[in-house]
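Encoded as structure tokens, the structure appears first; notes follow it.
The values are calculated or read from the model by the stated rules, or taken from the named source; none is laboratory data. This structure is a prediction, so every number in the text was calculated from the model and none was measured. Quick reminder, even Gly has a Cβ in these numbers, built from the backbone with ideal geometry, and neighbours come from all protein chains shown. Accessible surface is based on the protein model in full, side chains and every heavy atom, while ligands, DNA and RNA are left aside. Shrake-Rupley method; radii C 1.70, N 1.55, O 1.52, S 1.80 Å.
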Amino acid sequence: MRAPGPTPTARPVIRARNVTMAYGDLVVLRGIDLDVHRGEVFALLGPNGAGKTTTVEILEGFRQRSAGEVRVLGTDPERGGDAWRGRIGLVLQSWRDHRRWRVAELLTHFATYYPDPRDPAELLALVGLTDQAGRQVDRLSGGQRRRLDVALGIVGRPELLFLDEPTTGFDPEARREFHVLVERLAREEGVTVLLTTHDLVEAERLADRIAMLVGGRIRVCGTPSDLARRAAAQTEVRWTAGDGTAHRERTKDPSRLVWQLHRDAEGPIADLEVRRPTLEDTYLHMVHRADDGTDQAAPAVRGGHR
Amino acid sequence: MTDKVDAVDTADVAGMNDAPGGTAEPRRPTRPYWRAGLLRGGIELRHLLRNPKEMSGQLTNVVVALLIAAYVSGEVPGTDTPMAHLVLAGFAAYLLFQIGLISLPQMLVTEREEGALLRLRATPGGIPAYLIAKCLLVVVMAVGSLGLLVAATALLVDGPLPGGPGDWLTLLWVTTLGLLAVVPLGAALGAVLPNPREALALIMLPTMGLLFTSGAVFPITSLPVLVQQAAAVFPLKWMAQGLRSALLPDSARAAEAAGSWELPMVALVLTAWAVIGFLLAIPLLRRAARRESGSRLTARHRKAVRSGAVLA
């Protein structure tokens, strides 16, 4: 992970202000604020129905927002023309198109739409499909198909890549390979990535920043560790005392507690274990807080926009 | 955004500072769609020719035509034209009709459902290229099947052929105008029909009904007047009549309802359908493309999986 620091010179790749979306009485988004910066991997996390898909489709220019202001690569997505489209890549989870085409044929064809495409052969090597180049698309496995979708998504050298639940249905190895690929794109080529996922481990592994969308609002937004720190879930410390009894204690300051324990015991502590809250703890906490109806108390999340 | 968030913004990637996200000007010129469209049409055509299922469908048409020609005997009443020729001319018209109103909507609905349309929408110049490719595909399919049908029946069973340059010219313009009448209409259907499975069921019945009421397969004068009038609203009757005028000798006019080929009327009705088709197709296709999005694709996919039509 790169060193964090403010970047006053560059304007954000994605900038959304107070975006709302309502279908009649049904309010899906209740004022979304987002800034995604160049070269960043940004994960949008949230339960089903939280408004993830709607948010992403507004950013992709596939859906008209009810209100609010959006700029993606400096352009309002609702008015994005071909030149704008050419700077954006898309990987969706439901694509099953072009089944009769051969892998290399399809990639080479889509390269012709872009002014400065990647070399299809190099791209196949990058996504690990060189051996499948001559294969018909509908004979690919699920993981191979998704990697082909990624290749198609980046063939035009996009500055911004949308990944929609990219690893759904992947086996662990395919998932790991996919993560390496996304990391390479972001770290080595400076592609900005907006990822939506259910997979907390994936978000934690890939994302520079994570936003959690619950009930049409962004509850929290920050780095994975930032999120964990901010969650009410506290670090758990477990140990076995001198008399053999197991102890566990929750604390905001595990270092102090452990130091205290060592001083008291004047030596090593048996079975000492410090468990930081995982992203999952944070996530569940957020979702539950929304369910409780105590969601008004989320000042750290929103606000601050002019 | 919150101050907190800004504080953890990532550092700018080296070399990217000169192209901040805020440039609204199109940095890259867009390429003409034509090259991509024609390339795409060529590739789709190759896939069609390589697909045994599609090819056997086209060959079945020719075999059916040959069987018709072999089994239908006698003359068109009041003329010395073989009845088989009238049926073959009608069958040729039906082939064109079917390419525009069955094959094309099926292709469109399938590609919409699978996400090809969405992918092209997300690609610069993708939708125009798609339309160009489909036009190329339909024209080649139509000319190919018509040519195959006429050539095979002429060679093997003494089928009808245009009698002179004038008849060839008629064949050309009726085919062109006939395609213009049905292709936009088929595109409009492809834009609104729900999914490939239901689409076929919805189109098949009316198409078969028109086949039997338009005088394509037997003389129209043998049908009740009311049925004749109803069928005369639709393009198939006029396509068949136009092709008969090109493929049959002038003496066969006697069997027509009006006692003539009514070529101006053929041109008028087909042009009217072409105009209606374009007026319907353009907004409907635009709407279909605009409505495509990942979530709709997912919803349709789930529905298809639930109904057992496709594997997950």
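Go through segment A:125-151 and report how many residues are among the small types (G, A, S) and open to solvent by less than 10 Å² (accessible area, probe 1.4 Å).
Total meeting the criteria: 1.
Is it the case that some residue within segment A:89-103 is open to solvent by 20 Å² or more (accessible area, probe 1.4 Å), within 21 Å of the chain's Cα centre (by Cα) and either of a type in the set (V, I, T) or facing chain B (nearest Cβ under 9 Å) (or both)?
Yes, segment A:89-103 contains at least one residue that is open to solvent by 20 Å² or more (accessible area, probe 1.4 Å), within 21 Å of the chain's Cα centre (by Cα) and either of a type in the set (V, I, T) or facing chain B (nearest Cβ under 9 Å) (or both).
Does segment A:259-268 contain any residue that is under 33 Å from the mean Cα position of the chain (by Cα) and of a type in the set (G, A, S)?
No, segment A:259-268 contains no residue that is under 33 Å from the mean Cα position of the chain (by Cα) and of a type in the set (G, A, S).
Anything in segment B:105-116 that is more than 9 Å from every other protein chain (Cβ to nearest Cβ) and buried (at least 24 other Cβ atoms within 10 Å of the Cβ)? List them, or say none.
Once the filter is applied, which keeps residues that are more than 9 Å from every other protein chain (Cβ to nearest Cβ) and buried (at least 24 other Cβ atoms within 10 Å of the Cβ), segment B:105-116 yields B:P105, B:L108, B:V109, B:R112.
Consider B:L66 carefully, then state whether it is of a type outside the set (V, I, T) and over 23 Å from B:P194 (Cα atoms).
yes
Could you grab me the full set of residues in segment A:36-86 that are of a type in the set (G, A, S) and under 16 Å from the mean Cα position of the chain (by Cα)?
Result: A:G39, A:A43, A:G46, A:A50, A:G51.
Look through segment B:186-205, keep the residues that are open to solvent by 30 Å² or more (accessible area, probe 1.4 Å) and either acidic (D, E) or touching a residue at least 12 places away in the same chain (Cβ under 8 Å) (or both), and return whichever of them is farthest from B:R291 (Cα to Cα).
Among those that are open to solvent by 30 Å² or more (accessible area, probe 1.4 Å) and either acidic (D, E) or touching a residue at least 12 places away in the same chain (Cβ under 8 Å) (or both), it is B:M204.
Anything in segment B:256-275 that is aliphatic (A, V, I, L, M) and open to solvent by 40 Å² or more (accessible area, probe 1.4 Å)? List them, or say none.
If the condition is that a residue be aliphatic (A, V, I, L, M) and open to solvent by 40 Å² or more (accessible area, probe 1.4 Å), then B:A257, B:A258, B:L263, B:M265, B:L268, B:A272, B:V275 are the ones that fit.
Residues checked against (1) open to solvent by less than 80 Å² (accessible area, probe 1.4 Å); (2) at pLDDT 80 or above:
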| residue | (1), (2) |
| --- | --- |
| A:W239 | yes, yes |
| A:A246 | no, yes |
| A:P254 | yes, yes |
| A:A265 | yes, yes |
| A:I269 | yes, yes |
| A:V274 | yes, yes |
| A:P277 | yes, no |
| A:T282 | yes, no |
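Of all residues in segment A:49-61, which are without any contact (Cβ under 8 Å) to a residue 12 or more places away in the chain and either over 16 Å from A:R17 (Cα atoms) or part of a strand (DSSP E or B) (or both)?
A:G49
In segment A:163-175, what residues are at pLDDT 80 or above and facing chain B (nearest Cβ under 9 Å)?
Selection gives A:D164 alone.
If you go through segment A:63-114 one residue at a time, how many are in a loop (DSSP other than H, G, I, E, B) and either in contact (Cβ under 8 Å) with a residue 60 or more places away in the chain or acidic (D, E) (or both)?
Number satisfying all stated conditions: 8.
Which one is most open to solvent (accessible area, probe 1.4 Å), of the residues in segment B:12-47 that are modelled with pLDDT under 90, part of a helix (DSSP H, G or I) and within 9 Å of chain A (Cβ to nearest Cβ)?
Among them, the one singled out is B:R35.
Just one of (1) under 30 Å from B:A304 (Cβ atoms); (2) in contact (Cβ under 8 Å) with a residue 40 or more places away in the chain; (3) more than 10 Å from chain B (Cβ to nearest Cβ) trips up A:P117, so point out which.
Condition (1) is where A:P117 drops out.
Looking at the structure I just gave you, is B:R119 within 14 Å of chain A (Cβ to nearest Cβ), modelled with pLDDT under 90 and either more than 23 Å from B:S214 (Cα to Cα) or surrounded by fewer than 23 Cβ atoms within 10 Å (Cβ to Cβ) (or both)?
In short, no.
Could you please let me know if A:G31 is modelled with pLDDT under 90 and away from chain B (no Cβ under 11 Å)?
Against the criterion (modelled with pLDDT under 90 and away from chain B (no Cβ under 11 Å)), A:G31 does not qualify.
Would you check if there is a residue in segment A:217-237 being surrounded by fewer than 18 Cβ atoms within 10 Å (Cβ to Cβ), among the small types (G, A, S), out of contact with any strand residue (DSSP E or B) (no Cβ under 6 Å at 6 or more places or on another chain) and free of Cβ contacts under 8 Å to residues at least 24 places away in the same chain?
yes
Any idea which residue in segment A:40-49 is modelled with the lowest pLDDT, counting only those that are touching a helix residue (DSSP H, G or I) at 6+ places or on another chain (Cβ under 9 Å) and crowded, with 24+ Cβ neighbours inside 10 Å?
Restricting to residues being touching a helix residue (DSSP H, G or I) at 6+ places or on another chain (Cβ under 9 Å) and crowded, with 24+ Cβ neighbours inside 10 Å, the top hit is A:G46.
With the checklist (1) under 23 Å from B:R46 (Cα atoms); (2) modelled with pLDDT under 90; (3) open to solvent by less than 30 Å² (accessible area, probe 1.4 Å) in hand, flag the one item B:I127 doesn't pass.
Among (1) under 23 Å from B:R46 (Cα atoms); (2) modelled with pLDDT under 90; (3) open to solvent by less than 30 Å² (accessible area, probe 1.4 Å), B:I127 violates only (3).
Against the conditions (1) touching a residue at least 12 places away in the same chain (Cβ under 8 Å); (2) in a loop (DSSP other than H, G, I, E, B), where does A:R248 fall short? Just the number, please.
If we test A:R248 against (1) touching a residue at least 12 places away in the same chain (Cβ under 8 Å); (2) in a loop (DSSP other than H, G, I, E, B), just (2) comes out false.
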